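One structure below.
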Amino acid sequence: MIELRELDEHVRYLEQLSDETDAPVVLVNVFHVAPEDADALIGAWSDDAAFMARQRGYVSAQLHRGVGASATFVNVAEWSSAAALRDAFSSDEFQASLSRYPSSTTASPHLFRRVAVPGICGG
């Protein structure tokens, strides 16, 4: 079973999911897994990503793996709102899928919104 660890000590992921602002969010989820479990993590994540792609408010997702012999992964997913992600995340089907992750897996999900920096990037 996957273990959730907070990425930010000041706000919990579940608190972020209660945000009712009708604005896009970016989910960044950092996974750590034992090196021998990397393929199993990719398999479990692939199944979850396929489920999420069918949910209301899903925009996109991309899994990244650390370079070299790294067993650290980062999922970056875009959603239309925190509420849309909350509905998908709290579904019975998704919650049941968490048991497919290797027991060595820890995940640190956190929600972000784009920040506009003049002359550099749009919000």
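Quick check: anything in the stretch 97-113 among the small types (Gly, Ala, Ser), surrounded by 14 or more Cβ atoms within 10 Å (Cβ to Cβ), in a loop (DSSP other than H, G, I, E, B) and at positive phi? No: zero hits.
Go over the candidates VAL67, VAL59, VAL26 one by one and state the one that is more than 21 Å from ASP8 (Cβ to Cβ) and touching an Asp or Glu at 6+ places or on another chain (Cβ under 6 Å).
Details: VAL67 fails: touching an Asp or Glu at 6+ places or on another chain (Cβ under 6 Å); VAL26 fails: more than 21 Å from ASP8 (Cβ to Cβ).
Unique residue meeting the criteria: VAL59.
Residue pairs whose Cβ atoms lie under 6 Å apart, separated by 6 or more positions or on different chains, with the first residue in the stretch 1-13 and in contact (Cβ under 8 Å) with a residue 40 or more places away in the chain and the second exposed (fewer than 12 other Cβ atoms within 10 Å of the Cβ) and outside any loop (DSSP other than H, G, I, E, B), are MET1/SER99.
Of all residue pairs spaced 6 or more apart or on separate chains, those with beta-carbon atoms under 7 Å, a first member in the stretch 33-53 that is more than 20 Å from ASP87 (Cα to Cα) and a second member that is assigned to a helix (DSSP H, G or I) and modelled with pLDDT of 95 or more are VAL33/LEU41.
Among the residues of the stretch 38-70, how many are more than 19 Å from SER90 (Cβ to Cβ) and crowded, with 17+ Cβ neighbours inside 10 Å?
Going through the stretch 38-70, the residues more than 19 Å from SER90 (Cβ to Cβ) turn out to be 38-43, 46, 60, 62-70.
Within this subset, residues satisfying the condition of being crowded, with 17+ Cβ neighbours inside 10 Å are 38, 40-41.
The qualifying residues number 3.
Could you look through the stretch 17-29, keep only residues that are among the aliphatic types (A, V, I, L, M) and crowded, with 17+ Cβ neighbours inside 10 Å, and pick out the one that is farthest from PHE112 (Cα to Cα)? Per the stated criteria, the residue is LEU17. Restricting the first member to the stretch 75-97 and to residues that are acidic (Asp, Glu), and the second to residues that are surrounded by 15 or more Cβ atoms within 10 Å (Cβ to Cβ) and assigned to a helix (DSSP H, G or I), no beta-carbon pair is closer than 6 Å while six or more apart or on different chains.
The values are calculated or read from the model by the stated rules, or taken from the named source; none is laboratory data. This structure is a prediction, so every number in the text was calculated from the model and none was measured. A quick note on method: Cβ atoms are made from the backbone with ideal geometry, for glycine too, and the neighbour counts reach across all protein chains shown.
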